[in-house]
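The values are calculated or read from the model by the stated rules, or taken from the named source; none is laboratory data. All figures in this text were calculated on a predicted structure; none of them were measured in a lab. Here the Cβ positions follow ideal geometry from the backbone for every residue, glycine too, while neighbour counts run over all protein chains shown. Calculation scope for accessible area: heavy atoms of the full protein, side chains included, ligands and nucleic acids excluded. Shrake-Rupley method; radii C 1.70, N 1.55, O 1.52, S 1.80 Å.
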Amino acid sequence: MKILITGAGGLVGRAVAKHCSDAGDQIVSLAHADLDIADQKEVNATFDRERPDVVINCAAWTDVDGCESDPERAQTVNARGPEFLALACRRLGVLFITISTDYVFDGQKDGFYTQRDQPNPQSVYAISKLEGERRAQIAWAETIVVRSGYIFGSGGTNFLSSVVTRARRGERLQAIGDSFGTPTYAPDLAQQLRRLAQVDLPGIYHVVNAGQGVSFEAFARRGVEIAALGPDLVEGISRQTLKLVAPRPRNSRLRCLLSEAIGLDRLPFWEDALHNFIVGSAPALSDRD
């Protein structure tokens with residue numbers, strides 16, 4: 001397959017490019033500097049030049065608090081961007097896969113959110129991402145929406161990706177203990193995205209690692225435990241303590257009703273994925289001296 005990846009400079013985009021390249025696909029990796037998905041003319045020109053078989057959209061404005069203060073930009077990137085990509089895919093007749101977020105749910109449910117649950121986004125970021133889902137699906141029937149969340153992996157700048165690196169430096173970490181989600185290891189997500197491209201069955205999928213879900217605090221504590229670091233490095237705090245600008249769901253744990261039904265294997269348990277991530281990113285002994 002020839003796969004065009006937008007947002008290829010980010011955590012997920014890099015993981016997708018590596019996995020698909022290793023699998024033998026022809027990859028067109030486009031970071032924001034290479035393609036602004038909110039520029040429809042640029043999108044169309046790029047697609048006409050590259051003529052991909054599949055497009056995987058990893059581009060988004062993911063600064064949740066930043067979106068709250070700039071709704072127009074959030075809508076432009078997170079809603080209109082996927083629509084422009086979907087329209088370009090329709091013109092070429094190729095499959096479109098776009099990544100959305102667990103934040104489209106309000107967090108009031110106690111169990112897992114599935115495709116049967118009604119989204120009810122509470123932040124500007126979440127509203128823009130849900131709008132992106134809907135615009136893309138309206139624009140092109142051959143659209144796959146993948147909701148994920150709590151994504152971590154090598155090179156990521158978010159809390160989950162950097163917790164062990166910071167702990168290894170001896171930093172004390174504050175981690176929210178009263179918000180819960182299902183962690184997702186970027187390489188595992190990338191593998192499932194490619195599987196979905198092969199299956200080519202449009203719809204909404206929830207792609208996360210297996211397990212009961214976890215809080216940021218519990219994730220951090222498990223991470224420092226696997227890395228054989230002191231558990232006293234992690235301090236649990238509440239959401240209210242941080243006084244974040246944008247609201248976050250208390251619970252955004254996801255489960256997919258479609259993946260196993262169409263023969264897709266579930267992703268590994270998040271603790272196993274976390275172990276692989278930490279072992280794989282462990283510094284050499286010389287780096288620890």
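Report the far tail of the P(r) of the range 29-106, meaning the percent of Cα-Cα pairs longer than 14 Å.
Working: 1864 of 3003 pairs.
Percent of Cα pairs beyond 14 Å in the range 29-106: 62.
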Cβ charges +1 (Lys, Arg) and -1 (Asp, Glu), total dipole of the range 73-116, debye: 260 debye
Per-selection Rg to Rh, the range 1-140 - Cα, Kirkwood hydrodynamic radius: 0.98
The range 40-72 versus the range 161-202: alpha-carbon centroid distance in Å: 21 Å
Rounded accessible area of K18 (nearest 10 Å², 1.4 Å probe): 130 Å²
Solvent exposure, largest accessible area first (probe 1.4 Å, DNA, RNA and ligands not counted), of D25, D272: D272, D25
Computed over the range 1-77: relative contact order in percent, which uses C-alpha pairs under 8 Å that are six or more apart: 39 percent
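Ordering I237, I204 by how much accessible area each has at a 1.4 Å probe, largest first, what is the list?
Final ranking, largest accessible area leading: I204, I237.
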Whole-percent carbon and sulfur share, accessible surface of the chain, 1.4 Å: 47 percent
Cα shape, the range 188-289, gyration tensor, a/c 1.5 rule: oblate
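Per DSSP helix of 4 or more residues, -39500 (n - 2.57); summed, then divided by the residues of the chain. What does that give at 222 nm, rounded to the nearest 500?
Computed mean residue ellipticity for the chain: -11500 deg cm²/dmol.
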Within straight-line cross-link reach of K109, lysines at Cα separation under 26 Å, skipping those fewer than 8 residues along the same chain: K129, K243
Aspartates and glutamates with Cα under 16 Å of K18, excluding same-chain neighbours fewer than 8 positions away: D188
Inter-probe distance in nm under a simple model that places probes 7 Å from Cα toward Cβ, at V245 and Q26: 4.3 nm
Which label in [x] 47, 43, 38; [y] 76, 43, 34; [z] 56, 42, 38 gives the computed Cα extents along the principal axes in Å: [z]
Beta bridges per DSSP with both ends in the chain, % antiparallel, nearest 5: 5 percent
Tensor-based shape of the range 204-259 (alpha-carbon gyration tensor, a/c under 1.5 rounded, otherwise prolate or oblate): oblate
Pairwise FRET efficiency - R172 versus E50, Cβ, R0 = 35 Å, nearest 0.05: 0.15
Reachable aspartates and glutamates, given that their alpha-carbon falls under 14 Å from the alpha-carbon of K41 and they are not under 8 places away in the same chain: E83
